[in-house]
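Only one structure is covered here, and it is reproduced in the block below.
The values are calculated or read from the model by the stated rules, or taken from the named source; none is laboratory data. Remember, predicted model here, so these are calculated numbers, not experimental data. Side chains are part of the model used for accessible areas, which takes the heavy atoms of the whole protein and leaves out ligands, DNA and RNA. Shrake-Rupley method; radii C 1.70, N 1.55, O 1.52, S 1.80 Å.
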Amino acid sequence: MTMSLAVPNSALAQAVEPGPIMDWRVVPAKSRIRFAAGSFLASHGTLRNVSGVVRLIEGQPRYTHVDIRAPVATLETSARRRLRLDADLYPFVSFYGWRLRGNPRRSFALDGELQVGKFRRQVVANVAASGSRFDDASGTEEATFHAQLTVGRRLRVTIDITLARPRSTPPAR
């Protein structure tokens, strides 16, 4: 029988240096939350005036912070009546994300919590980056994303969101 002993590594592990923090703002005019509730003859709705912020630490995307919300009052009137969703009782639909798994420039999973009034449910949003551009006139960078998540068996939520941030230097060509 042969035994070997591992020599302990006396060098201290070096902490990973975080990159710059990037704050992206939701562009309300280019963002919306759509949903379908029910399996047969589903109720459909769209929420507009989406607002919020996404904070990304470059080099460590798993520590992403996502906080978006939309007022229930912007829900289509016919769908609101069918769902009996009262804007006084449920003023906002919000999503708070805290952990990103994957490549934020392509596709990733985002762990988070969906909230409507007092109702809260932990969910995983499957997100795909659908484009980005730099506007030379305004000096802003925009990125668009398409996310899908399911709550239980009957509620499907789709989030189309555009994020923008000021960019200090133009992208390399």
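See the values below:
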read-out: Karplus (6.51, -1.76, 1.60) ³J(HN,Hα), θ = phi - 60°, over the stretch 27-33, in Hz, Gly and Pro reported as x; value: 8, x, 5, 10, 10, 7, 10
read-out: Fraction of accessible area attributable to carbon and sulfur, the stretch 103-173 (%, probe 1.4 Å); value: 48
read-out: Residue-wise HN-Hα coupling along the stretch 63-71, computed from phi with Karplus coefficients 6.51, -1.76, 1.60 (Hz; x: Gly, Pro); value: 9, 5, 10, 10, 9, 10, 8, 9, x
read-out: Built amide H within the under 5 Å cut-off of G117, gap 5+; value: F92
read-out: Under Karplus coefficients 6.51, -1.76 and 1.60, residue-wise ³J(HN,Hα) of the stretch 120-131 in Hz, glycine/proline x; value: 10, 9, 6, 9, 10, 8, 8, 10, 10, 6, 10, x
read-out: Rounded to the nearest 10 Å², the accessible area of H44 at probe 1.4 Å; value: 110
read-out: Rg to Rh quotient for the stretch 95-173, alpha carbon positions, Kirkwood Rh; value: 1.07
read-out: Accessible area (Å², 1.4 Å probe, nearest 10) - R154; value: 140
